[in-house]
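Encoded as structure tokens, the structure appears first; notes follow it.
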Amino acid sequence: MDTATYKVEVASAFNEAAARYDRLGVEFFTPMGRRLVEHARPEQGESVLDIGCGVGASVFPAADRVGPRGNVLGIDIASGMVAQTMEHARAQSRDNVTALVMDAERPDLPERSFDVVMGGYSVIFLPDAPAALGRYVPLMADGGRLAFSTPVFDSGTFPFLPPVFTDLIPRSLLSDLPPEWRPERLQQRFNSWLEDPADLVRAVETAGYSDVRVVDEPVDMVARSGEAWVDWSHTQGMRLLWEHLTEDRSRELRSTLITALDAMRSGDGPLTIEVPVRYVTARVSR
Ligand SMILES: C[S@@+](CC[C@H](N)C(=O)[O-])C[C@H]1O[C@@H](n2cnc3c(N)ncnc32)[C@H](O)[C@@H]1O
């Protein structure tokens, strides 16, 4: 699969998901987005670029921090996500928030116009993320900061999904997937540089940054039930897996996951899973 086709599929999956994204009662992206902003530490009056902004999990907390003299621009390849972010911005009269449809690998933005570039769970979708990180350097003012979050991967896990969930998916159910959508292939092709912190630090430094820090912290993912989690999984990166399964396999996977996830609840209580998240911060080295 060439990268153009891959990007069309990613944009289409997130367009389909946009209206329900982060709105199905499963807690994850909102707390993770808030935490990313705490790591990025934008200050009053600063300009922030959020790549792969989704519906604004990091955009709005960043807008709170930069205040009316600052501004936050979210970019996303999925127009549906951008429309949602703009709708929230208008509904909340956030004059310091804008969102644009743009490929985060080729940002067409003025040089030296941002103090912070951040990305929540989005660099994992970029076919050549280390090269993209390098393209953010000229966009940043002197002293610019980078901050992004990713899953903490194991080898062979589905690259857009925390490994704890990939482990619940029987490999036999994935045998019909087109080869290019198999977890190992995707992980190796796009995200292997994120697996080992030493590789990650090297890649970020090579892209033009220094003072690279990698911190793994848990985020509590909370869902009402296994079924609620599975419904939600169709609105995030796992949608790319669902879309490539046959109907039979999809049905089987749905019921396997619901059973496995419900077994992790205590009684009728919610499903709470501690998901490790990797936060990476760095400074432009110039
Ligand atoms: C898992 S979502 C995360 C969204 C948001 N940052 C959050 O924390 O909720 C990943 C986002 O990256 C976007 N994305 C994927 N590839 C992209 C690309 N090449 N350029 C810009 N955005 C991209 C998707 O459309 C999606 O909105």
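A few comments on the model shown:
- Only Lys, Arg, Asp and Glu carry charge here, each on its Cβ (+1 for the first two, -1 for the last two); on that basis the chain has a dipole of about 460 debye about its Cα centre.
- Using the rule -39500 (n - 2.57) for each DSSP H run of four or more residues, divided by the residues of the chain, the 222 nm mean residue ellipticity is -10000 deg cm²/dmol.
- Within a Gaussian network of the chain (alpha carbon springs, distance under 10 Å), most fluctuating of Pro159, Pro183, Pro170: Pro170
- Near Met118, the amide H atoms lying under 5 Å from its own belong to Leu49, Asp50, Ile51, Ala147; only residues 5 or more places off or on other chains count, and H is placed 1.01 Å from N.
- Whole-Hz couplings from phi, Karplus 6.51/-1.76/1.60, listed for segment 251-266; x for Gly and Pro: 4, 4, 5, 4, 6, 4, 5, 4, 4, 5, 6, 5, 5, 8, 8, 9
- Where labels lie 7 Å past Cα in the beta-carbon direction, separation of Asp216 and Val201 in nm: 1.5
- Accessible area of the chain belonging to carbon and sulfur atoms, whole % at 1.4 Å probe: 47
- Longest to shortest principal axis, alpha-carbon extents of the chain, angstrom: 52, 39, 32
- Here the gap between Arg265 and Ser285, fully extended at 0.36 nm per residue and compared with their Cα-Cα distance, gives a gain of 2.5 nm.
- A 1.4 Å probe run over the protein chains yields, for the chain, 42 Å² of accessible area per residue, whole-number rounding.
- The solvent-accessible area of Asp154, taken with every protein chain present and a 1.4 Å probe, is close to 80 Å².
- Average Cα contact separation per residue, the chain, under 8 Å, 6 or more apart, as relative contact order %: 21
- Within the listed set Ile124, Ile258, Ile75, the residue fluctuating most in the Gaussian network model of the chain (springs between alpha-carbon atoms under 10 angstrom) is Ile258.
- Residue among Ala104, Ala228, Ala198 with the largest mean-square fluctuation in a Gaussian network model of the chain, springs linking Cα atoms under 10 Å: Ala198
- Close amide H contacts of Ala99 (hydrogens built in the peptide plane, cut-off under 5 Å, sequence separation of 5 or more or a different chain): Gly74.
- Computed 3J(HN,Hα) for segment 126-138, one whole-Hz value per residue from the Karplus formula 6.51 cos²θ - 1.76 cosθ + 1.60 where θ = phi - 60°, is 8, x, 10, 5, x, 5, 4, 4, x, 6, 7, 4, x, glycine and proline marked x.
- Rounded tilt (10° steps) of 3-17 against the dominant C-alpha axis of the chain: 80
- Where trypsin sites (Lys or Arg not before Pro) fall in DSSP loop in segment 66-98, at most 12 other Cβ within 10 Å: Arg69
- Exposed loop positions in the chain were taken to be GluC sites (Glu not before Pro) whose DSSP state is not H, G, I, E or B and which have at most 14 other beta-carbon atoms within 10 angstrom. Between these positions, the longest stretch is 112-242.
- Long-range HN-HN contacts of Val219 with modeled amide H, under 5 Å: Val275, Val277
- Stretchable slack from Glu16 to Gln92, in nm (0.36 nm times residue separation minus alpha-carbon distance): 24.9 nm
- In order through segment 35-51: 3J(HN,Hα) via Karplus (6.51 cos²θ - 1.76 cosθ + 1.60), integer Hz, x for Gly, Pro: 5, 4, 5, 5, 6, 6, 6, x, 10, 3, x, 7, 9, 10, 10, 10, 8
The values are calculated or read from the model by the stated rules, or taken from the named source; none is laboratory data. For clarity, every value in this text was computed on a predicted model and none was experimentally measured. Neighbour counts run over all protein chains shown; Cβ positions are idealised from the backbone, glycine included. Just so you know, the surface numbers come from the protein's heavy atoms only, side chains and all, with ligands and any DNA or RNA stripped out. Shrake-Rupley method; radii C 1.70, N 1.55, O 1.52, S 1.80 Å.
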